[in-house]
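Here it is: the structure, laid out below.
Each reported figure results from applying straightforward, stated rules to the coordinates on display, with no laboratory input. Predicted, not measured: the structure shown is a model, and the values here were computed from it. Here Cβ is always computed from backbone atoms with ideal geometry, including for glycine, and neighbour counts include all displayed protein chains.
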Amino acid sequence: MMTKDRLLAVLERWEPVIGLEIHTELTSTRTKMFCGCPVAFGGEPNTRVCPVCLGLPGALPVPNAYAIEQTVLAGLATGCEIARRSLFHRKQYFYPDMPKDYQISQYDLPFCAGGEVTVEIAGEAASQRKEGGVDEERRVRLTDVGYNARIGITRIHLEEDTGKMVHVGGSEGRLAGATKSLVDFNRAGTPLIELVTEPDIRTPAEARAFAQKLRLIWLTLGISDCNMEEGSMRVDANVSLRRRGESEFGTKTEIKNMNSFKSLHDGLAYEIVRQAEVLESGGRVVQETRHFDAGAKRTSATRSKEEAHDYRYFPEPDMVPFEFDDEFIERVRARLPELPDARKMRFVEEWGLPPHDASVIASDLEMAEFFEAAVNIGGPERAKAVSNVMLNDLSAHLNARGIALSESRIVPSMVVELVELVEAATISSKQAKEVFADMAETGDSPAAIVEIKGMRQVSDTGAIEAVVTRILDENPNKVEEYRAGKTGLIGFFVGQVMREMGGQANPKVVNEVLARMLEG
Amino acid sequence: MTVDLSALTAPEIRAAILRGDLSAREVADGAFARIEACDDRVRAFNEVTRELAYASADRVDDMVRSGASPEELPPLAGVPVAFKDNMNLIGTRTTCSSRILANHESVYDCTAVARLIKAGGVPVGKLNMDEFAFGSSTENSAFGPTHNPWDLERVPGGSSGGSAAAVSAGMATITLGSDTGGSIRQPGAFCGVVAMKPTYGRVSRYGCVAFASSLDQIGPFSKSVEECALALNAICGKDPMDATSVDRPHEDFTRDLERGASGLRIGVVTDMLDMEGVAPEVKSATMAAAELFAALGAEVGEVELPSARYGLSAYYIIGPAEASSNLARFDGIRYGHRVADAKDVLDLYMRSRAEGFGPEAIRRIMLGTYALSAGYYDAYYGQAQKARTVIIRDFERAFADHDVLLTPTSPTTAFRIGEKSADPLAMYLSDVYTIPVNLAGNCAVSVPVGLGDDSELPVGIQLIGTHFAEGVVLRAARALERAVAFDVTPPLVRELQARA
């Protein structure tokens, strides 16, 4: 049985309970969390380091105020309460990539707590949701295309990232078989926010949608580049199963190393099926951390045995607690840009986009910004036509090339111009597709392409009549048949006329003229 | 002629250099001559930094040669200074008197150190200490104990024993130590020098290897209160590298020194004087100091700090808890001692640390780790923080109607080397008067008032001020210093002077 079908079968019997932990580096801060070293990706190892982020004897951390503000911004954007009093704690454990052998993190007083994000699940993804969950009434609202699910945010806290280990001599840089390990501290001390969700997620598709939605919010806020491949956004998932209708949680496993949204979905799908098989064969799920292998599409228990860690959290004594007043919180709130949900509503209510189209465009920051720019140029009355070009021709083009919108040659004014050419009947919508392909290739303006290629559509009734007369003359038998009632032949005549006119005739006019002259 | 640092104060050195009577290099040589003459017996120095000293001294001499005005010459120009070996200084090793850092070379400067040098100080070396500042006798040094210049059989106190002994023996004019529970004041008292722990936040901790972050504070040692004030002038002030350092308007701590004690409200902390283990000679010296203040026109009253007695217990939770965390970084990965043949990373951690740390460090790491463990946190660390809050309230009440509180600095005078090393609890009692001040974050200075009636060793009196009241504390200290007119020269120095 296909994995997908197995998953759907398992989901009939079992309800997954999923919570996510999403780490995001605040790449928007110029400097690290507790020192002045620059925040960047890669580079020669150990070149962006100082006594503080190397944990040299005597060095002290000084908190980055901007990173704290960005965290508060993230909290406000996800409906969290902002703590009036907050502080850092030390999370203590030994690991070579952690310079101080404790991580400055937060414990019982995170900057943000108690938020909520709604995700829209549409189409096939919605089929993963099955009836029989105990809290579906609270969690889910059905829509025309699927459903919306409310996902609670437990907390968002701020901490420092660790360095990176490079294992030499083993296979693929992993620890197993390595002869030595090197540490690069360039990343150490990068501000990192950790968002923890409530266990409100019930399907791999919801988990993926949540992570995508969160990425979109973070990108809209501009707090991070959210590059999953470079690790600036990292998603870990906790998942357990329970029988449909039950409210008790089962034993959970934690899945790590899911470096893309697809991996997140597939990792959870695999793990759900695996747990169901364990449970249905009378076994018990072992609480453990499992590593997702995107190539093999499976999870495996991490080699190191899971110990019950005692992190010995205690308040960071190198800093004083933070007190946030209303003025500060309101000042940060004033920085909030329009968020994706609000943007989508505006597309629907002000610009008349169908909700689904608005969702698709608003869920991609580049698409949304492109769309806004195009509508600003072409006017709200062209919004629908612009969105059609974007959702069809543009999306297909980007998918075919595997490129981002910003990497293509298409700019908003080109799409508006194309829409206007169709609107003015200068070209047909069929011709528009050709023009689009051309402009995507060359970056030329649609008008220029139409000009160069002589693609102007002929709407001149006289010219069309001349051609129609000739075609009718050349096909007297067909004309007879048509007049005898075989009206389906109209298509034949249209095709003949269009071919004769090199496809440039306005089909609407051709149809009108043909109908009139055939009747006569 | 060799310069005798025991016979000169910092302002006298500066004045002589300015007049051209002495060069900074000659003064530095005076320090080195004394180090050579007696440090094989005192063992205050872990490292002597001739090159650094000459570089600083030459800068001062160049300034004088090029006609610097008295205003241009920095306030401590040419003054030999030295630093407890937990403070970073480029060009030196910063060992914390521990095997684990025995070869650790500083790659950056401690802020207070850099400030003292910028103020004209000539760095002559790094000073012995109890390993990572864990101790009250400087016996817990991986490099062997420092000896008290008043009696070489005795400890200089600790943990900044090297800093106290170096000033006492005239091997440096001003030294810096760090004080977490008394580590500046108690050795100051044992060696008969002036020693101050400033208010928490007054002096940047950046670059001083942390023992307990919420308690540590850097402060000066000197032969006189005036030099103490000058040193504090040089090292205090907000540092962007230390989030707990406090931004305050500039003060000149020498300004009120000669105003006398008249009108000061001084509270003798009587309930702490009656504690077990207080030597009669210390108690009588304390009462004598109180009477002196009264005679000088101060309003002397009695005050109680009923919770201060819990300070020791709270301190031995909070201190080790923070220390266990602060010392985690000494793991053999990036610097410091590392076993050569580790079979895996856990083995590397465990054996490097076991070999690198001495017994007292291991004891405190274990204590602190235990106190922060799941299930014990509330009973130990949480409870200790509550006790700390109560002690802070006690001090606030006491300072509501007193400017300065008066206690002994330590219950006894200097004890013999080895006398208490087998009994950590007895050793810990040595800091019973000083610890509450760290817990409350107040400032305090230890002033030598004379020799004990029985031991004939220096006795120190602790004068405590509320937060950022260093000015008034130093004024009281100066009044006491002038009244007792104690000659701080130890027998060792007299002997050397006689020979010269």
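Would you mind computing, in nm to one decimal, how far apart the modelled labels at B:D4 and B:R259 are, each placed 7 Å from Cα along Cα→Cβ?
In this crude label model, B:D4 to B:R259 measures out at 3.6 nm.
Quick check on chain A: helices-only [θ] at 222 nm, where DSSP H runs of length 4 and up contribute -39,500 (n - 2.57) each and the sum goes over total residues. Nearest 500, please.
-11500 deg cm²/dmol
With +1 on the Cβ of every Lys and Arg and -1 on the Cβ of every Asp and Glu, and nothing else charged, how large is the dipole of the protein assembly as shown about its Cα centre, in debye rounded to the nearest 20?
Using only the charged Cβ atoms, the result is roughly 1440 debye.
Determine the shape class of region A:340-452: with a ≥ b ≥ c the square roots of the Cα gyration tensor eigenvalues, call it rounded for a/c under 1.5, and otherwise prolate if a/b is greater than b/c, oblate otherwise.
oblate
Further question: What does the structure give for B:374-382 when I average, per residue, the other chain Cβ atoms found within 10 Å of the residue Cβ?
The mean count of partner-chain Cβ atoms within 10 Å per residue comes to 2.
Okay, next question. Helix A:3-13 versus the longest principal axis of chain A: what angle, 0 to 90°, nearest 10, using Cα atoms?
Here the helix axis deviates by roughly 70 degrees.
Using the Cα centre of the protein assembly as shown as origin and beta-carbon charges of +1 (Lys, Arg) and -1 (Asp, Glu), tell me which of B:A169, A:I223, B:F468 is placed farthest towards the positive end of the dipole.
Of the options given, the answer is A:I223.
Could you rank the peptides A:447-455, A:18-26 by their average count of other C-beta atoms within 10 Å per residue, with the highest value first?
A:18-26, A:447-455
On average, how many beta carbons from a partner chain sit within 10 Å of the beta carbon of a residue in A:89-100?
4
Among A:T289, A:S300, A:P340, which residue has its Cα furthest toward the positive end of the charge dipole of region A:242-346, with +1 on Lys/Arg Cβ and -1 on Asp/Glu Cβ?
So the residue furthest toward the plus end is A:S300.
Note the angle between two axes, namely the Cα long axis of helix A:490-500 and the longest principal axis of the Cα atoms of chain A, as a number of degrees from 0 to 90, rounded to the nearest 10.
So the helix axis and the longest Cα principal axis differ by about 90 degrees.
Roughly how big is region A:37-94's charge dipole about its Cα centre, with Cβ charges of +1 (Lys, Arg) and -1 (Asp, Glu), in debye to the nearest 20?
Approximately 220 debye in magnitude.
Right, another one. Under 19 Å from a label point 7 Å along Cα→Cβ of B:E304: give me every residue in region B:396-415 with its amide N that close.
B:396-402, B:405-408
Need one value for B:325-336: mean number of C-beta atoms belonging to other chains within 10 Å of its residues' C-beta atoms.
For this peptide, the per-residue mean of nearby foreign Cβ atoms is 6.
In debye, nearest 20, what is the charge dipole magnitude of chain B about its Cα centre with +1 on Lys and Arg Cβ and -1 on Asp and Glu Cβ, if you could check?
Value, rounded to 20: 840 debye.
On to the next question. To the nearest µm²/s, what D does Stokes-Einstein give for region A:461-519 at 20 °C and 1.002 mPa s, using the Kirkwood radius over alpha carbon pairs as Rh?
192 µm²/s
Follow-up. Under a Cβ-Cβ limit of 4.7 Å, which cysteines in chain A have nobody to pair with?
A:C35, A:C37, A:C50, A:C53, A:C226
Report, in deg cm²/dmol and to the nearest 500, the calculated mean residue ellipticity at 222 nm for chain B, where each DSSP H run with n ≥ 4 adds -39500 (n - 2.57) and the sum is divided by the residue count.
Roughly -12000 deg cm²/dmol at 222 nm, from the helical runs in chain B.
Sticking with this structure for a sec: When you count, for each residue, the other Cβ atoms within 10 Å and take the mean per peptide, how do A:485-494, A:427-436 rank with the highest first?
In descending order of packing, they fall as A:427-436, A:485-494.
Normalised by the residues of region B:388-500, what does the relative contact order come to in percent, with Cα pairs under 8 Å and at least six apart?
Contact order relative to length: 28 percent.
Same structure again: Using mean Cβ contacts within 10 Å as the protection proxy, how do A:130-143, B:244-257, B:385-398 order, highest first?
B:385-398, B:244-257, A:130-143
Report the full-extension gain for the segment A:T487 to A:T3: residue separation times 0.36 nm, less the Cα-Cα distance, to one decimal in nm.
169.2 nm
Output the antiparallel fraction of DSSP beta bridges having both residues in chain B, as a percent to the nearest 5.
Of the beta bridges lying entirely in chain B, close to 65 percent run antiparallel.
Another question, then. Measuring from label point to label point, each 7 Å out along Cα→Cβ, what is the A:R141 to A:H309 span in nm?
Here the answer is 3.8 nm between the modelled labels.
Select from B:G188, B:A400, A:S263 the residue farthest towards the positive end of the dipole of the protein assembly as shown; place +1 on Cβ of Lys and Arg, -1 on Cβ of Asp and Glu, and compute about the Cα centre.
After comparing all options, I get A:S263.
Starting from the Cα gyration tensor of region B:405-484, take the square roots of the eigenvalues, sort them a ≥ b ≥ c, and report rounded, prolate or oblate (rounded when a/c is under 1.5, otherwise prolate if a/b is larger than b/c, else oblate).
The shape class here is oblate.
As I understand it, the value is the acute angle between the Cα axis of helix A:365-378 and the longest principal axis of the Cα atoms of chain A; what does it come to in degrees, rounded to 10?
Tilt of helix A:365-378: around 40 degrees.
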